[in-house]
Amino acid sequence: MTSLRARLGLGLVSSLVVMIGLLWLTVGISVRTLMEDQLASRLAHDAESLLGGLSIDAAGHASLDARRIQGIYQQPYSGHYFQVDVEGEVLRSRSLWDAVLPVPRVALGETRVDFITGPQQQALLLWTRGFRKQDRMVQIAVAEELDAMLAAMQGFRLRLAAWSLTLLFLLLLIQRYIVVRSLRSVSAAADDVVRLEQGDISALDERVPDEVRPLVAAINKLLQRQQQRLLRSREALGNLAHGIKTPLTVLQQLGSEKIPPDDVEAHAQWQRYSRQINEQVDQSLRRARLAGDSLGASHFDLRTDLPPLVDTLNRLHRDKSIVFRQHTGESVTLPMEQQDGMELLGNLLDNAWKWAHSRVLLTVEHDTQWRILVEDDGPGIDAAGLQLLAQRGMRQDENMPGHGIGLSIVKSLVEELSGTLQFRASPSLGGLQVCITLGSRA
Amino acid sequence: MRLLLAEDDPDLSLRLKRYLGKQGFAVDAVHNGVDAEFNGRETPYDAIVLDLGLPQRSGLEVLANWRSAEVKTPVLILTARDSWQEKVRGLQQGADDYLTKPFQEEELLARLQALIRRNTGTVGKTLTVDGWVLDEETQSVSRDEQHWELTGIEFRLLRYCMLHPGRILSKTQLTEHIYEQDADKDSNVIEVYVKRLREKLGKDIIATRRGQGYVFGRQA
């Protein structure tokens, strides 16, 4: 069983059931013992008065003083009986009629209490004791019917059971309330984790019970470390780029300057190799910079991150006037880290801006999965070109600087996010349409 | 045209200064962010080339400080970091263009020329004012099939005048935009070069406004 709530519930229910059951049993037994004791002491009193009313004459005949005998002993089968044995001579109450009580033998001074079945199948409590009177052994047995007491006991037990069940039910309600209440903060933390995955928050709320706090704090610390590591590694990559690219600029310029102008082959080689170094560095750095599927990172926000990007594109392509439209519906954030989103949309939109005549369209759809579409009204690409693009992630025209790398970084990012990347002709604008499909993480 | 070049690598800085100097720019080179910010704020440059990876104060910070101090000089950012995040940040901070290292000197020149023309409201690849056509590549000027070669300073002076036609340009202003910081600034030299241009291209090309300065163009 893995549910904390079920486990707590079951534990509490079983301990309550056991406790209340035991209580019920103990109370039942105690009350019964108490009643029996009381009954026995009453019978002892009756026996005392019988003993007092017993007289033995000179001939050795025993007789009972009738005045000492309560009326109830005179009514037949009244449930109250006595049987006095004076060394074999037996005096029995009128109530016994012809019946004889199965009285056990007791020694002098010994008292016995027995449960017997008396006349007419009555359940009786039999009290017996051995006395000595006028040097004769006298055994007095007094019995009283138990049915009334048993009925009263039964009634008491039923009432007790009813109260116990009510109490059990009340306690269960209270415990359920307590459990649900104390686990609410745990469910809140679980909800936080979902929101974390969706990128709505960047840390879990630490206002949770003491038992859960270490866990939540550990997760937060981990997230923070991950963010710091990402930040540091991006910083380091930036420094590395700076460290390589500046000398590379000097090298490139030196090369084209110092190689004799008539050595065409050397020029070509020099250019090819410096371009190769540059592209290799670029590709590796750009890939290393991607955050990918990282938890706790802030996501690309279409409201705050897209407008500056569009403004930047408009400035970089000042010679063109592009009408940009976005159909982003209800979507507010993209399911990717902010810089990754900037890189993805930056490359895709820059590509669209480069080729578009006048219109670029961004569409974001989100149902069971995400669809991000970027299309332009440029010349588009023929079928063979589309295939090549899908294979290599490069636009054919390599004269446009930065083109191939841009789309290949998009490809890496989409792979990192386990999505798909498709190229086709834009149905509405006629140019290229790039379609990215991403699974929904939530 | 006077440029501020803020680049911390001494070799690259020297090469660019030499190259841009040859192309008719007066270049002041600085190697850290603090100097860059001070110079950019105090001197009316025509354009600034700003490396983002400057020591002491980052290029982005320098740029932000200029813009908040109302320094409107067009800025071309040079950077090794080519992420879109950086591009967006740079341009949102007030840069006008963006060039990623490594780059060819010619690319930088083309971007700079475009930047300056855009800033002075001139369009087209060659500078044409009142029938005078200035070729920046050959540093020569032509009019009605006639063609004149110009010396470095003559070219700088004429280009500045042609970028600001019809406006009164004081000697100090001309000196500031034609010479670099450490050059010997004698405003009388401007008079000499104006005289030379008049001799070469005709007396009417630049008019003198006594006590105010010079005006280029027909409106003069």
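The values are calculated or read from the model by the stated rules, or taken from the named source; none is laboratory data. Since the structure is predicted, the reported quantities are computational estimates derived from the model, not experimental observations. Glycine also receives a Cβ, built like all others from the backbone with ideal geometry; neighbour counts cover every protein chain displayed.
General observations
- Test set (1) surrounded by fewer than 18 Cβ atoms within 10 Å (Cβ to Cβ); (2) at pLDDT 90 or above - residue B:44 fails condition number: (2)
- For the range B:74-86, a residue qualifies if it is in contact with an Asp or Glu (Cβ under 9 Å, 6 or more places away or on another chain) and of a type outside the set (Val, Ile, Thr), and the qualifying residues are B:74, B:76, B:78, B:80, B:82, B:83, B:84, B:85.
- Residue check, residue A:250 surrounded by 13 or more Cβ atoms within 10 Å (Cβ to Cβ) and over 20 Å from the mean Cα position of the chain (by Cα): yes
- Checked against the criterion of being surrounded by 12 or more Cβ atoms within 10 Å (Cβ to Cβ) and in a helix (DSSP H, G or I), the range A:205-215 contains one or more residues that satisfy it.
- In the range A:252-259 there is no residue matching the filter, namely being touching a helix residue (DSSP H, G or I) at 6+ places or on another chain (Cβ under 8 Å), more than 10 Å from every other protein chain (Cβ to nearest Cβ) and under 19 Å from residue B:81 (Cβ atoms).
- Note on the range A:220-251: residues that are within 14 Å of chain B (Cβ to nearest Cβ) and either of a type in the set (A, V, I, L, M, F, W, C) or touching a residue at least 40 places away in the same chain (Cβ under 8 Å) (or both) amount to 12.
- Among the residues of the range A:288-347, those identified as basic (Lys, Arg), touching a residue at least 24 places away in the same chain (Cβ under 8 Å) and farther than 18 Å from residue A:373 by Cβ are A:289, A:303, A:320.
- Applying a threshold of 8 Å to beta carbon distances and a minimum spacing of six or more residues, or different chains, the list of pairs starting in the range B:48-64 at a residue that is farther than 21 Å from residue B:108 by Cα and ending at one that is small (Gly, Ala, Ser) and not in a helix (DSSP H, G or I) reads B:64/B:94.
- Of the strands (runs of 3 or more DSSP E) that lie entirely inside the range A:2-89, not one contains 1 or more residues that are among the aliphatic types (A, V, I, L, M), outside the structural domain of residue A:116 (by TED's automatic domain parsing) and at pLDDT 90 or above.
- The helices (runs of 4 or more DSSP H) found wholly in the range B:50-144 and carrying at least 1 residues that are crowded, with 20+ Cβ neighbours inside 10 Å, modelled with pLDDT of 85 or more and under 16 Å from the mean Cα position of the chain (by Cα) occupy B:105-120.
- Failed item, numbered, when residue A:17 is tested on (1) farther than 30 Å from residue A:176 by Cα; (2) touching a residue at least 40 places away in the same chain (Cβ under 8 Å); (3) of a type in the set (Val, Ile, Thr): (1)
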